[in-house]
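The values are calculated or read from the model by the stated rules, or taken from the named source; none is laboratory data. Note that the structure is predicted; figures quoted are calculated from it, not measured. Every residue, glycine among them, receives a Cβ derived from its backbone with ideal geometry; neighbour counts consider all protein chains shown.
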Amino acid sequence: MSISGGCQCGAVRYRVEGELSNPHLCHCRMCQKAAGNYFMPLAGAPRERISVTRGEPGWFHSSDIVRRGFCTMCGTPLFFDPVDSEHLLVTLGSLDDPSRYRPVSEDSVESRVHFLAEWANTRQKVTEDDFTPDQVRAISASNHQHPDHDTHRWPPEGMS
């Protein structure tokens, strides 16, 4: 069995051999900005089971330990890649059948926007449930996304 998905314009397509695991909604600020939405729906599989079948995604390192794959033509977010992990995650909205995976948890709920209610029957997790304090500090210290305010220059001096 395989699952397929791709971007809005069709320039990038992918296939997952087998089922995805841990479908969840991530409310962290990085996922909010990457999705251009209040949360990012994700699920993963071992990276050797995921293949790009058309085109090549662009990549942005949102931190030193995570990069995000997207279509360079239409901008659709496609992948969440924890670079030192054996798993790669896909965005559930990019699946050909996004209704196939109901989220089982909400992650980084401390960043959930205040007017969104909890999803019924999902586990509620704070960032520290998934990452050690050292990992949280490493992510924060290597954050490569634009801050949540206007800046006179971007990127800042010393950031590549």
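Here is a list: ARG67, ARG29. Which entry is among the basic types (Lys, Arg) and touching a strand residue (DSSP E or B) at 6+ places or on another chain (Cβ under 9 Å)?
On the way: ARG29 fails: touching a strand residue (DSSP E or B) at 6+ places or on another chain (Cβ under 9 Å).
Just a single option satisfies the conditions, and that option is ARG67.
For region 13-73, give me every one of the strands (runs of 3 or more DSSP E) that falls completely inside it and has 1 or more residues that are surrounded by fewer than 15 Cβ atoms within 10 Å (Cβ to Cβ) and of a type in the set (Asp, Glu). Can you show your working first?
Working: elements: 13-17, 21-26, 40-46, 50-54, 58-63, 66-70.
It comes to 13-17.
Based on this model, can you work out whether GLY58 counts as of a type in the set (Gly, Ala, Ser) and free of Cβ contacts under 8 Å to residues at least 24 places away in the same chain? Before the answer, list the steps.
Numbers: of a type in the set (Gly, Ala, Ser): yes; free of Cβ contacts under 8 Å to residues at least 24 places away in the same chain: yes.
So GLY58 fits the description; yes.
State whether one or more residues within region 34-42 are at pLDDT 95 or above and of a type in the set (S, T, N, Q).
Yes, region 34-42 contains a residue that is at pLDDT 95 or above and of a type in the set (S, T, N, Q).
Suppose we filter region 116-139 for residues that are at pLDDT 80 or above, surrounded by 12 or more Cβ atoms within 10 Å (Cβ to Cβ) and closer than 18 Å to ASP84 by Cα; how many remain?
Summing the residues that are at pLDDT 80 or above, surrounded by 12 or more Cβ atoms within 10 Å (Cβ to Cβ) and closer than 18 Å to ASP84 by Cα in region 116-139 gives 3.
Starting from residues that are touching a helix residue (DSSP H, G or I) at 6+ places or on another chain (Cβ under 8 Å) and not in a helix (DSSP H, G or I), keep the ones in region 86-102 and report whichever is surrounded by the fewest Cβ atoms within 10 Å (Cβ to Cβ).
The first filter runs over region 86-102 and keeps only residues touching a helix residue (DSSP H, G or I) at 6+ places or on another chain (Cβ under 8 Å), leaving 86-88, 91-92, 98, 101.
Subsequent filtering for residues that are not in a helix (DSSP H, G or I) retains 86-88, 91, 101.
Values: GLU86: 10, HIS87: 17, LEU88: 20, THR91: 24, TYR101: 20.
Residue satisfying both the conditions and the ranking: GLU86.
State all residues of region 1-12 that are outside any loop (DSSP other than H, G, I, E, B) and surrounded by 21 or more Cβ atoms within 10 Å (Cβ to Cβ); if no residue qualifies, say none. Quick ask: steps written out before the conclusion?
So the first thing to find is which residues in region 1-12 are outside any loop (DSSP other than H, G, I, E, B), and the list is 2-6.
If the condition is that a residue be outside any loop (DSSP other than H, G, I, E, B) and surrounded by 21 or more Cβ atoms within 10 Å (Cβ to Cβ), then ILE3, GLY5, GLY6 are the ones that fit.
When you go through (1) more than 16 Å from PHE39 (Cβ to Cβ); (2) over 15 Å from the mean Cα position of the chain (by Cα) one by one for PHE70, which number turns out not to apply?
Failed condition: (2).
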